[in-house]
1. Using a 1.4 angstrom probe and counting only protein chains, how large is the accessible area of residue 353 in Å², to 10?
2. Dipole size in debye (nearest 20) for segment 334-382 around its Cα centre, Lys and Arg Cβ +1, Asp and Glu Cβ -1?
3. Rounding to the nearest 20 debye, state how big the charge dipole of the chain is about its Cα centre with +1 on each Lys and Arg Cβ and -1 on each Asp and Glu Cβ.
4. Can you spot the aspartates and glutamates whose alpha carbon is less than 16 Å from residue 349's alpha carbon? Ignore those fewer than 8 places along the same chain.
5. Select one label from [x] 1.04; [y] 1.08; [z] 0.99: the one whose number is Rg/Rh (Cα atoms, Kirkwood Rh) as derived from the coordinates shown.
6. So what does residue 279 come to for accessible area, using a 1.4 Å probe and Å² rounded to 10?
7. Rounded to the nearest 20 Debye, what is the dipole magnitude of segment 104-202 about its Cα centre when Lys and Arg each give +1 and Asp and Glu each give -1 at the C-beta?
8. I'd like the accessible area for residue 258: 1.4 Å probe, protein heavy atoms, all chains in place, Å² to the nearest 10.
Amino acid sequence: MDQLDKREKKTEEEKACLHWLIQAAGAGNRSFLRALFGLGTAREIFALALSGRLADRLAQRYRKRAARLTESSKACDPEQEYGRMRERGIGLVAQGEAAFPKRLSKIPDSPLALYYAGRLPSDQKRAVALIGARDCTEYGRYMAARFGAALAGAGVEVVSGMARGIDGIGQESALREGGYSMAVLGCGVDVCYPKENGSLYETLLAKGGVCSEYPPGTEPRALQFPPRNRIISGLSDAVLVIEARVKSGTLITVDMALEQGREVYALPGRATDPLSSGCNRLIRQGAGLVNGPEELLEELLGTKGRGRTEGREEQTRLVFLDGVLGEVLGALDFQPLAAEEIRHRFEVKYGKTIEFPVLFKTLLELCADGHAGQIGGGYYMRILKP
């Protein structure tokens, strides 16, 4: 066996012990893990635990946890456990390895290691965290899809949390455009959460990647999601907020991004829209205002945002219809409007009147074709068709 093979074998043995340690100690117990690594490498910690001498080397407050590690070491074969994980297509990359994302290694409280499936993001490409509300508006859906496609088309990687709403929509759009996206999970990489994003999860495994600091098999728990947000922003050069309430999990990611020295951008919205209140406040506090992907790409790449999608029809382009169908569709908004307001917008925009029977008949046709939606009986809104 040559020296390179020996080094690779030693690295894999070290990672096998690291996998055992993260499982036994818990990825969330970061102060305990730091204390353990003050004693040596993961292999050395495993040897200490196996010998029963680990507790003697730690401060009194860690003695009970050390005793549990000792019990775990006696019942575990690290290399066998690690081998089974690798056979399932799950990798582990540790701090200090060349493959560990450079952006992430430089943030405060960087994870000791990342579990991943698929591909890790590239250090050579720019990356944007595209985040926002789970219960987003149709306008938010449209803009998330538009930004995701444009970023991918310009070769910018999209990082997010695979959550319902803005996160998942932006990632789906980026992957559909042929770009790369990484999902940072608050559970194990072998656990699809939320389950409704199963199709996106499978596409990420095939064309992008998923990662987590939590070991495989870890089920989602509320307390695990705020810490993972530092990884979303840590993997990115900038953070873009599409929609967010004033008090939301999205703004936790923003706070962490600012601590990490990342640029923060926000999409402005109506003053009366609660889902834009968080974005509007961010802009007031100094976040960059972007009205569309071209402005963000100009900030990020120093270009006008003309990536490899130039000259091609955007997948997120609005549908245009002929005749009265197209005119009524043009009078709709992504926010619900009463029929009286739609009629007024129609008359202002086109300089002619439309009778209510014709308006209602047209609105029902648009709803039946999936171009519009009826909300609460008397309100109608425009819908972005996939």
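The values are calculated or read from the model by the stated rules, or taken from the named source; none is laboratory data. What you see is a predicted model, and the numbers here were worked out from it, not measured in a lab. Reconstructed Cβ throughout: ideal geometry from the backbone, glycine too, with neighbour counts over all protein chains shown. Accessible surface is based on the protein model in full, side chains and every heavy atom, while ligands, DNA and RNA are left aside. Shrake-Rupley method; radii C 1.70, N 1.55, O 1.52, S 1.80 Å.
1. About 100 Å², rounded to the nearest 10.
2. Details: 6 positive and 6 negative charges, 27 e Å.
Rounded to the nearest 20 debye, it is 120 debye.
3. Details: 53 positive and 49 negative charges, 262 e Å.
In debye, rounded to 20, the chain gives about 1260.
4. Filter leaves 322, 327, 333, 340, 341.
5. The value matching this structure is [y].
6. 0 Å²
7. Numbers: 10 positive and 11 negative charges, 38 e Å.
For segment 104-202, the charge dipole is close to 180 debye.
8. We get 110 Å² for residue 258.
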